[in-house]
Amino acid sequence: MLRGVAAALASTGRRVAMATGSTDPDALGPLPTGWLLRPFLPQIELIASAEGVVCHGGNNTVNEALAAGMPLVVLPLSTDQFCIAVD
């Protein structure tokens, strides 16, 4: 799924900050230069200057994005993330 998200974002021509977790960034395919790819990122600081947030629907990320007035694209993977996405 992360590779598909990266490909979709790459087609927008926008700058991207992406937390890759345990995924090797090379597994995402060719990406634009200038993207910030790290296993973990300072999410609150980045959300404050973002145009929007793409996430799996974790409670913290959704609440932080909503508090900052950011639009969300939520791609749930399991458990409560589906309910959070619907909300």
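The values are calculated or read from the model by the stated rules, or taken from the named source; none is laboratory data. These figures come from a predicted structure and were not determined experimentally. Here the Cβ positions follow ideal geometry from the backbone for every residue, glycine too, while neighbour counts run over all protein chains shown. Accessible surface areas use protein heavy atoms only, side chains included; no ligands, DNA or RNA. Shrake-Rupley method; radii C 1.70, N 1.55, O 1.52, S 1.80 Å.
Checking each residue in the range 8-22 for being assigned to a loop (DSSP other than H, G, I, E, B), open to solvent by 50 Å² or more (accessible area, probe 1.4 Å) and farther than 22 Å from residue 66 by Cα picks out 11, 12, 13, 22. Taking the criterion of being surrounded by 12 or more Cβ atoms within 10 Å (Cβ to Cβ) and touching a helix residue (DSSP H, G or I) at 6+ places or on another chain (Cβ under 8 Å), the residues of the range 25-37 that qualify are 28, 31, 32, 37.
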